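S.K.: Quick one: structure below, then a few questions.
The values are calculated or read from the model by the stated rules, or taken from the named source; none is laboratory data. Given the structure is predicted, the values throughout are model-derived calculations rather than measurements. Backbone-built Cβ (ideal geometry, glycine too); neighbour counts: all protein chains shown. Areas reflect the complete protein model, heavy atoms only, side chains present, ligands, DNA and RNA absent. Shrake-Rupley method; radii C 1.70, N 1.55, O 1.52, S 1.80 Å.
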Amino acid sequence: QSLKILTQALRHAIVQRGVAQISVPNDIQKAFLDAESCERETCQTNFNILPDETDIQKAIALIDESKKPVILAGWGAFGEGEMLLRFAEKIKAPIVTTFRAKGILPDENKWLIGILGNVGSPSTRKTVTESDLLITLGVGFSKQTHVPTHKALVQVEIDPLKIGKIPFSVALWGNCSLVLPKLVDAVKMKKNDFVLKEIAEMKKK
């Protein structure tokens, strides 16, 4: 059963995007393994998901209509720093992160304000509160983050159980790595050039 248990653990780690632990008793570790009697399970490795095109267009329309959008990047967007920057530059949106996603961009990046939540700064909270649209990318909505619940929200999330944890305007079920490029390519370029100056002043304070 050892090979079967191992593939089960791998599947859980991949699907749940976390850690799977296998505990092996000492007497089992010393036991002889007959490879021919081992069973295994097939482990799916491709979990690429794209939302419905209609929902993508709804999200694009909301983003284009917004005057003060803010991007909240979570762990699900980690590794997408370059695309995240292109998105922020195109829609002129400040970037804030969850605590877990700290490091998705260097702290000194001109579009990044900081962490939203218990360990975040007042300026980060103020920026999110005053936004007219919040775009969450792979955010788990933990109690430590305190994401506002009464705000226009575009949620990008691969875990369907996390979709709707707070009310959304449009939910895009899919990988941030696949959804984000579609949004970046389709949204209109905004001309709010004062945003970078505001971010710089907040970070200076």
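S.K.: Quick one: would you say ALA171 is within 14 Å of the chain's Cα centre (by Cα) and hydrophobic (A, V, I, L, M, F, W, C)?
M.R.: yes
S.K.: Quick one: would you say THR145 is open to solvent by less than 20 Å² (accessible area, probe 1.4 Å), under 28 Å from PHE47 (Cα atoms) and assigned to a loop (DSSP other than H, G, I, E, B)?
M.R.: Yes, satisfied.
S.K.: Among (1) closer than 23 Å to GLY174 by Cα; (2) at pLDDT below 95; (3) not hydrophobic (A, V, I, L, M, F, W, C), which single condition is PRO69 missing?
M.R.: Result: PRO69 passes all but (2).
S.K.: Applying the selection to region 181-205, what residues are assigned to a loop (DSSP other than H, G, I, E, B) and of a type outside the set (Asp, Glu)?
M.R.: Passing the criteria: VAL187, LYS188, MET189, LYS190, LYS191, ASN192, LYS205.
S.K.: Further question on the same structure: Can you find a residue in region 155-169 that is modelled with pLDDT of 90 or more, part of a helix (DSSP H, G or I) and not acidic (Asp, Glu)?
M.R.: Within region 155-169 (the criterion being modelled with pLDDT of 90 or more, part of a helix (DSSP H, G or I) and not acidic (Asp, Glu)), the answer is no, since none of the residues qualifies.
S.K.: Shifting gears a bit: Taking the condition modelled with pLDDT of 95 or more, closer than 30 Å to ILE14 by Cα and not aromatic (Phe, Trp, Tyr), does LEU133 pass?
M.R.: Against the criterion (modelled with pLDDT of 95 or more, closer than 30 Å to ILE14 by Cα and not aromatic (Phe, Trp, Tyr)), LEU133 does not qualify.
S.K.: Go through (1) within 19 Å of LEU72 (Cβ to Cβ); (2) surrounded by fewer than 16 Cβ atoms within 10 Å (Cβ to Cβ); (3) without any contact (Cβ under 8 Å) to a residue 60 or more places away in the chain for SER169 and report which single condition fails.
M.R.: Result: SER169 passes all but (3).
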